[in-house]
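Take a look at the structure below.
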Amino acid sequence: MKTKVEVHPAATKDIPTILNFIQQLATFEKCPERVLATEATLAKTLGLETDPTAAEVSIDATELKLGQFAKCVIAKADNKDAGFAIFFYNYSTVCPPPPSQPTLVGCVTPAVRLIQNY
């Protein structure tokens with residue numbers, strides 16, 4: 001049976017899921033005590049205090065809201081939350097614009113890793 005995978009831009013309703021994935025990743029990395037993120041800080045820094053407009057979630061949209069530092073997508077496998085990716089640009093004062101390639105942070109649930117043999 002094939003697994004149906006979908007990826008969509010994160011919305012306000014996804015904030016608890018994102019925090020849960022961050023906590024799972026920290027536990028996997030054996031440092032759960034280092035998670036300082038809260039639903040409120042994620043909403044602010046991911047620009048999800050209100051649901052993003054279609055223009056804001058477009059793949060080529062590069063502008064960020066005031067206080068937003070990154071963008072996030074949610075992956076679903078067979079319509080269940082399976083992973084996330086947070087991506088952001090770094091700015092270097094040594095090597096000024098254009099900014100470097102985006103940095104990507106992500107996590108896939110253990111159940112999906114088992115299905116896909118990760």
Item to check | Test for residue 38: is it of a type in the set (Val, Ile, Thr), at pLDDT 95 or above and touching a Pro at 6+ places or on another chain (Cβ under 9 Å) | outcome: no
Filtering segment 28-52 for residues that are of a type in the set (A, V, I, L, M) and in contact with a Ser or Thr (Cβ under 8 Å, 6 or more places away or on another chain) leaves a count of 2
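Each row is one residue, and each column tells you yes or no for (1) modelled with pLDDT of 90 or more; (2) hydroxyl-bearing (Ser, Thr, Tyr); (3) over 13 Å from residue 72 (Cα atoms); (4) touching a Phe, Trp or Tyr at 6+ places or on another chain (Cβ under 6 Å).
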| site | (1), (2), (3), (4) |
| --- | --- |
| 10 | yes, no, no, no |
| 23 | yes, no, yes, no |
| 27 | yes, yes, yes, no |
| 42 | yes, no, no, no |
| 48 | yes, no, no, no |
| 53 | no, yes, yes, no |
Output for Cβ contacts, cut-off 7 Å, separation at least six or different chains, first residue within 20 Å of residue 47 (Cα to Cα) in segment 18-30, second among the charged types (D, E, K, R), reads 19/39
The residue that is farthest from residue 32 (Cα to Cα), considering only those in segment 1-20 that are in contact with a helix residue (DSSP H, G or I) (Cβ under 9 Å, 6 or more places away or on another chain) and polar (S, T, N, Q), is 3
Residue set 61, 26, 55, 40; condition part of a loop (DSSP other than H, G, I, E, B) and of a type in the set (Gly, Ala, Ser); output residue 61
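The values are calculated or read from the model by the stated rules, or taken from the named source; none is laboratory data. Quick caveat: nothing in here was measured; it's all calculated off a predicted structure. Every residue, glycine among them, receives a Cβ derived from its backbone with ideal geometry; neighbour counts consider all protein chains shown.
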